[in-house]
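Chemist: Dumping the structure here so I can ask a few things about it.
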Amino acid sequence: MTPAGQRAVLAGARIAGVAACVPAQVIDNTGFVKKFGQKAVDDVTKMIGVNARRWAGPGVTTSDLCQQAGAQLLQRLEWQAGSVDALIFVSQTPDYRLPATASALGTRLGLRSGIIALDINLGCSAYPYALWLGMTMVQSGAARRVLLAVGDTVSRIVDPADRATAMLFGDAGTMTAIEAQAEGAGNKSFFVLGSDGAGERHLIVPQGGFRQTQVQADPRLADRDPACLFMDGAEIFNFTLRTVPALVVALEEASGEARTGWDLVALHQANSFMLKHLAKKCGLAPQQAPSNIDSFGNTSCASIPLLLCTSQPAGRAQTLRLAALGFGVGFSWGGALVDLAPDVPLAFVEYTP
């Protein structure tokens, strides 16, 4: 295994469409001034680059956001619900610890009984992993049409007194459609995926599972609510700088395609300072690496598909070679180099109860 992870080459599957749904409720930075003070808010905003984020209202879950994105996408694609063979729900904020959210979400979308449905617990790197798994299912013959529900409602687990996380994260749910395509049609898709469990303690919700020793063993967690997200920003930043440039190189090597030929590089929207630093370090042109973190915050696993749906104009005239790069909690990272054809709809909707 190389330091950048495992590699895969897939053919015979394509992205057919992407839809993103965000809560209608906009939380701007003025609401944090009373709690943290104007200077503290200004300092954090300068670093993370988030001026507003969307937070889900009471009772609204990640699967609700994904469901509306999915309904919108099925309509845009004119897919019959009965034609879908598999649904993968990728999130770290599921409806329950059990049962799996994917099964119930499939039923709510009107998908037929007997489809493949499963949950994956993955955060910042989730979208490349989901694309790899969905396309692998198609290439294997297990499914011809796959839906990838990828999203998080991180506002549910941030500590409102922790400005580093409360001001950073937003909520979003997305749906991506994968379908089989004719043999020889389109470019091959390339993937580089990896993880390093040594980063386990640096981005964590200590409580909620069945291992409780982490709270007592880590002094950084003293006097913190163990049911809320803890993030060691310095450790995450150092991990990212070590990993992402190597991931870009590995994706170039795996594909034989230079990054200068990638039309769109969709980076996980971690924070503004990190994104600018990575773009410069990786030698990306400004037009290659758009950002929307100022308006939506860090939406965890939903950030890449949300970025696609909010940054790309309608009526694209040509196929885009898309590099999707996710990195963070785990530690884990993933890169996908795939096509985004002109006929692929990119839909954006606000959640309505």
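The values are calculated or read from the model by the stated rules, or taken from the named source; none is laboratory data. Note that this is a predicted model, so its numbers are computed, not measured. Positions of Cβ are generated from backbone atoms using ideal geometry, with glycine treated the same way; all protein chains shown enter the neighbour counts.
Chemist: Identify the residue in the stretch 214-259 that is without any contact (Cβ under 8 Å) to a residue 12 or more places away in the chain and not hydrophobic (A, V, I, L, M, F, W, C) and, among all such residues, is farthest from D294 (Cα to Cα).
Modeler: Of everything passing the filter in the stretch 214-259, Q216 is farthest from D294 (Cα to Cα).
Chemist: Which numbered condition in (1) modelled with pLDDT of 95 or more; (2) assigned to a loop (DSSP other than H, G, I, E, B); (3) small (G, A, S) is the only one that A317 fails?
Modeler: Result: A317 fails condition (1) only.
Chemist: Go through (1) more than 18 Å from L193 (Cβ to Cβ); (2) hydrophobic (A, V, I, L, M, F, W, C); (3) surrounded by 17 or more Cβ atoms within 10 Å (Cβ to Cβ) and name the single condition A317 misses.
Modeler: The number of the failed condition is (3).
Chemist: Shifting gears a bit: Of everything in the stretch 285-314 that's modelled with pLDDT of 95 or more and assigned to a loop (DSSP other than H, G, I, E, B), which residue is nearest to the chain's Cα centre (by Cα)?
Modeler: T299
Chemist: Tell me, which residue of the stretch 237-290 that is small (G, A, S) and in contact with a Gly (Cβ under 8 Å, 6 or more places away or on another chain) is farthest from N187 (Cα to Cα)?
Modeler: Across the stretch 237-290, the extreme among qualifying residues is S272.
Chemist: Can you confirm whether S291 is small (G, A, S), touching a Cys at 6+ places or on another chain (Cβ under 9 Å) and touching a residue at least 12 places away in the same chain (Cβ under 8 Å)?
Modeler: Here the answer is no, as S291 does not meet what is asked.
Chemist: Among the residues of the stretch 44-84, write down those that are of a type in the set (D, E) and on the phi > 0 side of the Ramachandran plot.
Modeler: Passing the criteria: only E78.
Chemist: Here is a follow-up. Could you please find all residues in the stretch 315-339 being under 18 Å from A177 (Cα atoms) and among the hydrophobic types (A, V, I, L, M, F, W, C)?
Modeler: Scanning the stretch 315-339 gives L320, L322, A323, A324, A336, L337, V338.
Chemist: If you take the residues in the stretch 93-116 that are small (G, A, S) and crowded, with 20+ Cβ neighbours inside 10 Å, which one is nearest to the chain's Cα centre (by Cα)?
Modeler: Among those that are small (G, A, S) and crowded, with 20+ Cβ neighbours inside 10 Å, it is A102.
Chemist: Which ones in the stretch 268-283 are small (G, A, S), out of contact with any Lys or Arg (no Cβ under 9 Å at 6 or more places or on another chain) and in a helix (DSSP H, G or I)?
Modeler: A279
Chemist: Here are some residues: L122, L65, L74. Which one is over 29 Å from A11 (Cβ atoms), of a type in the set (A, V, I, L, M), crowded, with 18+ Cβ neighbours inside 10 Å and in contact with a helix residue (DSSP H, G or I) (Cβ under 9 Å, 6 or more places away or on another chain)?
Modeler: L65
Chemist: Can you name every residue in the stretch 181-214 that is in a helix (DSSP H, G or I) and not hydrophobic (A, V, I, L, M, F, W, C)?
Modeler: G197, G199, E200, R201, H202, T213, Q214, listed by residue number.
Chemist: Looking at V265, V248, which is the one that is in a helix (DSSP H, G or I), buried (at least 22 other Cβ atoms within 10 Å of the Cβ) and in contact with a helix residue (DSSP H, G or I) (Cβ under 8 Å, 6 or more places away or on another chain)?
Modeler: V248
Chemist: A further question follows. Just to be sure before I move on: is D43 part of a helix (DSSP H, G or I) and under 22 Å from L203 (Cβ atoms) in the structure I sent?
Modeler: So D43 passes the test.
Quick grid of which residues meet (1) assigned to a strand (DSSP E or B); (2) of a type in the set (S, T, N, Q); (3) more than 18 Å from P23 (Cβ to Cβ):
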position	(1), (2), (3)
L65	no, no, no
Q68	no, yes, no
G82	no, no, yes
A130	no, no, yes
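Chemist: Please give the number of the condition F296 fails out of (1) of a type in the set (F, W, Y); (2) more than 22 Å from V150 (Cβ to Cβ); (3) buried (at least 22 other Cβ atoms within 10 Å of the Cβ).
Modeler: All conditions are met except number (2).
Chemist: Between a residue in the stretch 98-109 that is in contact (Cβ under 8 Å) with a residue 60 or more places away in the chain and any residue that is among the hydroxyl-bearing types (S, T, Y) and part of a helix (DSSP H, G or I), which pairs come within a Cβ distance under 8 Å, given they are 6 or more apart or on different chains?
Modeler: Matching pairs, first to second residue: none at all.
Chemist: List every residue pair whose Cβ atoms lie under 7 Å apart, where the two residues are 6 or more positions apart in sequence or sit on different chains, the first residue falls within the stretch 148-168 and is modelled with pLDDT under 95, and the second residue, located anywhere, is surrounded by fewer than 24 Cβ atoms within 10 Å (Cβ to Cβ) and assigned to a strand (DSSP E or B).
Modeler: Close Cβ pairs satisfying both conditions: A164/M231.
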